[in-house]
1. Among what's in segment 100-133 and is open to solvent by 20 Å² or more (accessible area, probe 1.4 Å), in contact (Cβ under 8 Å) with a residue 24 or more places away in the chain and within 16 Å of the ligand (Cβ to nearest atom), pick the residue that is nearest to the chain's Cα centre (by Cα).
2. Looking at segment 56-75, is at least one residue open to solvent by less than 40 Å² (accessible area, probe 1.4 Å), under 20 Å from Cys149 (Cα atoms) and not hydrophobic (A, V, I, L, M, F, W, C)?
3. Determine which member of the set Tyr499, Tyr543 is under 20 Å from His409 (Cα atoms) and either open to solvent by less than 30 Å² (accessible area, probe 1.4 Å) or charged (D, E, K, R) (or both).
4. Can you tell me which residue among Ala548, Ala593, Ala583 is outside any loop (DSSP other than H, G, I, E, B) and open to solvent by less than 40 Å² (accessible area, probe 1.4 Å)?
5. Examine segment 272-282 for a residue that is within 16 Å of the ligand (Cβ to nearest atom) and surrounded by fewer than 23 Cβ atoms within 10 Å (Cβ to Cβ), and state whether such a residue exists.
6. Give the number of residues within segment 212-248 that are within 18 Å of the chain's Cα centre (by Cα), without any contact (Cβ under 8 Å) to a residue 40 or more places away in the chain and open to solvent by 10 Å² or more (accessible area, probe 1.4 Å).
7. Going through Asp151, Asp140 one at a time, which residue ends up being within 31 Å of the chain's Cα centre (by Cα) and open to solvent by 30 Å² or more (accessible area, probe 1.4 Å)?
Amino acid sequence: MLFGADYYPEHWPRKRWPEDAKLMRAAGFNLVRMAEFAWVLMEPSEGQFDFSWLDEAISLLGENGIRTILGTPTAAPPAWLCHNYPQVMREDEWRRKVTFGNRQQCCVNVPKFHDATDAIVSAMVEHFGNNENVIGWQIDNEFGRLCYCDDCLGEFHKWLKQKYGSLDKLNDAWGTVFWSQVYTNWHQIPLPWASSNVPNPSLALDYRRFMAESYVKYQQRQIKIIRAGSPGKFITHNFMGFLPEELDYSALAQDLDICSWDNYPSGCSPDRPSAGHATTRGLLNKNFIIMEQESGAGGWGIMGPMPKPGQIRLYSYQAVAHGADGVNYFRWRVCRYGTEQYWHGILDHCGRTNRRYEEVKQTGAELQRIWPEIEGSTVPAETALINDMPSRWSFQVQPGGQGFNWREHAQDYYSALHEANIITDIVPLRADLMKYKLVVAPALFVLSESDAKLLESYVNNGGVLITTFRSAVKDEYGRIHDAPLPAGLEFAGVDVIDYTSPNADEKNLIRSVYKDIPEGPYGVKEWIDVLEPVEDVVVLAEYAGPYACGLPAVTIRKYGKGSVIYVGSWPSRDFIGKLIALASERAGVRPCAKTPANVEAMVRRKGGTDFLFLTNYSAEPCEFPVDREIERVLIGKLESGIAKLESFGVIVAAVKAEG
Ligand code: GAL
């Protein structure tokens, strides 16, 4: 198993490096990631390369059994580049040039930045491409910054020409007749600059698609160079889990060998990092690695909490439980200078070992011990949650509901699944949905007719689908459908005959009218779709006022071999949990174990064996029965069917697979 840390030898005197290597080796490391911000040291001036320091670090670590993932340094362009070629700097939506002094300040559409990228990446690949201590490459670092410069504008025009062919088509698709925006020349088309407040939503949506593709292309130019000159080494990019809304991670992932992500749980509840793992796993539908796993207090200006004793180990196990095949900590040692003086790693500023080092060491030793058994196992999710970027992008421009936030809405459903220990992948809309028994599609705002058909055939073929308000509102161009809502999801059997986004001080309620869900009432956070059930629909809940009192709010319908649930509002977590229980029972999806609150259960499967991971996120120890056929206990205490978890404790057991 890959186990190590992000290492910045350039931040420390060379005489310290052997000590670092010795301590890493003692901690069981076999991996470091290096160089992703060291452009200026590798190319001190244009076209002059110096890799001697990195050669030395790579070989010293190699002698200690530690191999390297090399980061291409394009997220930290050097001062000479930004100063000599100011056109490389990004522009924000106010058309202000980003100034030098941070990172990620260059635009991926500027030709000079392409040249500079090609030069540094080619030189690195030529130098390190066949270095036996280099096992893989990370492209750039956490892609995600949008740009609004003239080069982006020019490329956007080309992109639009290719997409629409004629201005008539574009004008029609965007509805530019509104406010006299009809374009008679491609050059008239703007970017969604800030001055336009809420821009034309269709233009804004196409701009986001264009930016997402710009990053895919920019990544491809680096990948092409690496594949040609560094055969046999894997290529990854470090994503940021479920949170980011800028780009299309799934499009970026298609060109990678393996995905990775940067996980900073900061002691938060486990459903949040769990969603990050589920997103990263869902990108290529396979295991992944953690490129940056929190190992100390974080923060640039203000520090977050220091992981409590046991939490570094706990969240490392959580990552492995969710399909991580490598855990790499950020960072080896907290830097004495620069913006991240407060962003702690394993070692403190002064470089001595501490309790965090000891915990990392223990975690590594344990994981390596059990790795031969769990290697090759994968996470057997039967449920998926759809993460659709065009919908998220459109909600950014027009959230619609007064308190609406798609991410929090979707997270509520994910958290309810997580609380029930139902293993869930977070996937794009076009994923192979048929492999899942239950699919949750929260507020699928942008839905083309053909994508609606995919969902219909999923249900028709036996799937259970939960969908929620503000689904199928817009077509793929961002125009509102010319049909009753949810347009294209008629198979849900409901017609949205009225809706409202209530003021925050109006407390609306729903109550269950279904025998298996206690009556409530339950609060709703946001939005009311008043539903008129057409045909053979069963009403699960109705509004309990003040708005639409007594009218249907949540429905279920059997359709073909499956079922579809429509949730017209954003009910409390309590109600969502009950709905998930109902839907999963109908879909035949079972929790991987029953656990008390604060204890997560996850499974990795290999052949007929499930590796059950039980992780306790509470400082309180707990005991509970485990209703699975236990074969062997690998970590922790699980005797006579009773799990005994310590404060932030972990159990890993081989149990008979259920499938
Ligand atoms: C990550 C980033 C790292 C480091 C870390 C702590 O997002 O990839 O380079 O900045 O956050 O701030």
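1. My answer is Gln104.
2. Among the residues of segment 56-75, at least one is open to solvent by less than 40 Å² (accessible area, probe 1.4 Å), under 20 Å from Cys149 (Cα atoms) and not hydrophobic (A, V, I, L, M, F, W, C), which makes the answer yes.
3. Numbers: Tyr499 fails: either open to solvent by less than 30 Å² (accessible area, probe 1.4 Å) or charged (D, E, K, R) (or both).
Exactly one residue qualifies, and that residue is Tyr543.
4. Details: Ala548 fails: outside any loop (DSSP other than H, G, I, E, B); Ala593 fails: outside any loop (DSSP other than H, G, I, E, B).
The unique qualifying residue is Ala583.
5. Yes, because at least one residue in segment 272-282 is within 16 Å of the ligand (Cβ to nearest atom) and surrounded by fewer than 23 Cβ atoms within 10 Å (Cβ to Cβ).
6. Residues that pass the stated criteria total 1.
7. The match here is Asp151.
For every residue, the table says whether it meets (1) outside any strand (DSSP E or B); (2) more than 12 Å from the ligand (Cβ to nearest atom); (3) surrounded by fewer than 18 Cβ atoms within 10 Å (Cβ to Cβ).
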| residue | (1), (2), (3) |
| --- | --- |
| Leu256 | yes, yes, no |
| Asp262 | no, no, no |
| Gln293 | no, no, no |
| Pro307 | yes, yes, no |
| Arg313 | yes, yes, no |
| Arg336 | yes, yes, yes |
| Arg356 | yes, yes, no |
| Ala365 | yes, yes, yes |
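The values are calculated or read from the model by the stated rules, or taken from the named source; none is laboratory data. The structure presented is a predicted model; accordingly, all values stated were derived computationally and were not measured. Don't worry about glycine lacking a Cβ; one is built from the backbone with ideal geometry, like all the others, and counts go over all protein chains shown. For the accessible areas, the whole protein counts, side chains as well, though only heavy atoms, and no ligand, DNA or RNA atoms are used. Shrake-Rupley method; radii C 1.70, N 1.55, O 1.52, S 1.80 Å.
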